[in-house]
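Here the structure comes first, spelled out in structure tokens, and everything after it is commentary.
The values are calculated or read from the model by the stated rules, or taken from the named source; none is laboratory data. In this text the structure is predicted, and so the values were computed from the model without any measurement. Cβ: placed from backbone, ideal geometry, glycine included. Neighbour counts: every protein chain shown. Keep in mind that these areas ignore ligands, DNA and RNA; they rest on the heavy atoms of the full protein, side chains included. Shrake-Rupley method; radii C 1.70, N 1.55, O 1.52, S 1.80 Å.
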Amino acid sequence: MTIPLEKPAPKGGLWRTRTPSSPPGRRSRTAHLLTQAAAESRFALQRCAECNNFAYPPRDCCPICLSINLPLSDAPTSGILVSATEIQVSGDVYFRERSPWRVGMVQLQCGPIMIAHIHGDCQEGETVKMSLQLDKAGQAVAFASPGTTTPNQADDKQWREFTADPRYRRALVTDGRNEAGQAIALALVAAGATTVFVGIPERWRPFKGEDRLASVTNIHLVSLDIGDQRSVAGLAADIGPKTDILVNTNDHVRPGGLLTRNGAGRYREEIERSYLGFVHLAQSFGPIMRGRGADGAGSAVAWANIFSIYSLSNWPAYGAYSASQAAALSLSQCLRAELRGSGVRVMNLFTGPIESDWFQGLPPPKVSPEALAAALIRALKSGSEDVFVGDVAEDFRRRLTTNPKALERELGW
């Protein structure tokens with residue numbers, strides 16, 4: 001049975017912070033098919049299009065019929081734990097610092113045998129539930145969890161290495177003036193976060209929802225204007241070492257493309273909020289979080305960005321907004337590469353139109369702020385990297401995968 005996680009004690013100012021380390025990170029190009037599945041919290045394996053057999057480990061041809069047509073396909077998650085062992089001594093720094101470490105062999109219901117990381121509540125001969133997780137090096141690994149829910153299951157020390165559970169952690173939500181930011185702050189508290197800092201630009205000016213946020217004990221409203229580098233740097237100096245999860249909820253939605261606007265003023269505003277604001281956050285909070293990626297149970301674990309799904313393909317009705325979102329998305333991929341190996345996961349949540357005044361004229365379905373917040377909490381608890389929120393985003397993802405040129409044309413109609 002998993003021992004319940006205890007709230008981490010305050011760290012002494014003279015205690016050394018452990019230097020982050022990461023497990024081996026080399027993978028073949030074919031193996032990155034599993035990385036794609038793990039990033040979206042899917043358990044998917046290669047499946048031969050000719051004989052329908054699942055293949056593992058990743059291969060260039062089917063081991064049964066030698067076909068080279070092996071697309072990724074969702075697979076049954078059930079399996080039997082054939083054998084398990086604890087590694088007490090390892091030549092790898094990452095595993096040596098975290099020993100003992102459980103690994104084992106799982107016979108999958110769909111056929112292959114996998115070597116996987118094993119949850120502490122799994123026993124040999126029992127049914128387990130398989131998942132693909134991203135490790136600290138950003139690579140896909142197999143993880144076996146108990147087939148049925150066990151007490152304190154999420155507190156297993158190995159499972160927490162692959163997730164960013166908010167429980168007993170401190171978070172920063174960068175913009176609490178919008179409804180999405182407020183819903184996310186409340187959801188983080190409900191998920192067990194000990195402190196949630198909520199950034200408020202123009203702190204002196206009242207806003208809708210302020211009283212509700214101020215009434216929650218664990219929520220602290222702080223002055224933060226991400227368009228102002230001095231504001232961001234000042235807050236990072238104050239709470240940077242206390243920030244384990246950063247949620248970038250900044251949004252600056254304005255309709256219009258290139259030919260429907262005059263002058264560059266609005267374009268400049270969007271770039272300053274979406275792109276340069278991201279730069280200010282990354283340069284001020286990024287180095288601090290990177291250095292705290294191995295800081296025990298209260299380490300920095302995640303940087304989450306809320307992006308419009310139209311960052312992936314431009315919607316001319318909101319063309320300039322889509323472009324600023326695409327620029328910020330590109331920066332997030334840069335940040336992900338620079339934080340890789342530190343223990344801090346960069347997560348991107350792609351959402352369709354949110355229920356807000358700026359999307360008032362659009363027909364449903366839309367994403368409610370509460371649904372977006374719930375999706376973020378699920379992503380943190382499961383260790384996802386790319387999350388598509390809402391029916392519009394899911395449909396968008398399927399169409400983008402199937403025929404991106406058709407999607408481009410349809411968005412322009």
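General observations
- When the residues of region 81-112 are filtered to those that are in contact with a strand residue (DSSP E or B) (Cβ under 7 Å, 6 or more places away or on another chain) and of a type in the set (A, V, I, L, M), the one that is farthest from residue 43 (Cα to Cα) is 87.
- Cβ-Cβ contacts under 6 Å between residues 6 or more apart (or on different chains), taken from a first residue in region 348-365 that is closer than 17 Å to residue 398 by Cβ to a second residue that is open to solvent by 10 Å² or more (accessible area, probe 1.4 Å) and assigned to a loop (DSSP other than H, G, I, E, B), are listed as 351/390; 352/390.
- Failed criterion for residue 289 (all others in (1) surrounded by fewer than 24 Cβ atoms within 10 Å (Cβ to Cβ); (2) not in a strand (DSSP E or B) hold): (1)
- In summary, residue 110 fulfils each of the numbered conditions (1) touching a Gly at 6+ places or on another chain (Cβ under 9 Å); (2) within 15 Å of residue 77 (Cβ to Cβ); (3) at pLDDT 95 or above with the single exception of condition (3).
- Any hit, region 354-371, residues being within 25 Å of residue 98 (Cβ to Cβ) and either under 13 Å from the mean Cα position of the chain (by Cα) or acidic (Asp, Glu) (or both): no
- Which listed residue is open to solvent by 80 Å² or more (accessible area, probe 1.4 Å), in contact with a Gly (Cβ under 8 Å, 6 or more places away or on another chain) and assigned to a loop (DSSP other than H, G, I, E, B), from 29, 18: 18
- When region 75-124 is filtered for residues that are assigned to a strand (DSSP E or B), more than 25 Å from residue 53 (Cβ to Cβ), open to solvent by 30 Å² or more (accessible area, probe 1.4 Å) and in contact with a Phe, Trp or Tyr (Cβ under 9 Å, 6 or more places away or on another chain), the ones remaining, listed by number, are 86, 87.
- Long-range neighbours under 7 Å by Cβ, at least six apart or interchain, first residue touching a residue at least 12 places away in the same chain (Cβ under 8 Å) within region 98-110, second surrounded by 18 or more Cβ atoms within 10 Å (Cβ to Cβ) and aromatic (Phe, Trp, Tyr): 110/54
- Identity of the residue in region 337-362, aliphatic (A, V, I, L, M) and outside any helix (DSSP H, G or I), that ends up surrounded by the most Cβ atoms within 10 Å (Cβ to Cβ): 344
- If you check 387, 392 for being buried (at least 18 other Cβ atoms within 10 Å of the Cβ) and assigned to a strand (DSSP E or B), only one passes: 387.
- The set of residues in region 1-15 being under 26 Å from residue 289 (Cβ atoms), in contact (Cβ under 8 Å) with a residue 12 or more places away in the chain and open to solvent by less than 40 Å² (accessible area, probe 1.4 Å) consists of 5 alone.
- Region 35-53, residues that are more than 25 Å from the chain's Cα centre (by Cα), in contact (Cβ under 8 Å) with a residue 12 or more places away in the chain and either surrounded by fewer than 19 Cβ atoms within 10 Å (Cβ to Cβ) or under 30 Å from residue 377 (Cα atoms) (or both): 49, 50, 51, 53
A quick yes/no check of all residues on (1) part of a loop (DSSP other than H, G, I, E, B); (2) at pLDDT below 95; (3) of a type outside the set (Lys, Arg); (4) over 20 Å from the mean Cα position of the chain (by Cα):
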{"residue": "331", "(1), (2), (3), (4)": "no, no, yes, no"}
{"residue": "335", "(1), (2), (3), (4)": "no, no, yes, no"}
{"residue": "377", "(1), (2), (3), (4)": "no, no, yes, no"}
{"residue": "406", "(1), (2), (3), (4)": "no, yes, yes, yes"}
{"residue": "409", "(1), (2), (3), (4)": "no, yes, no, yes"}
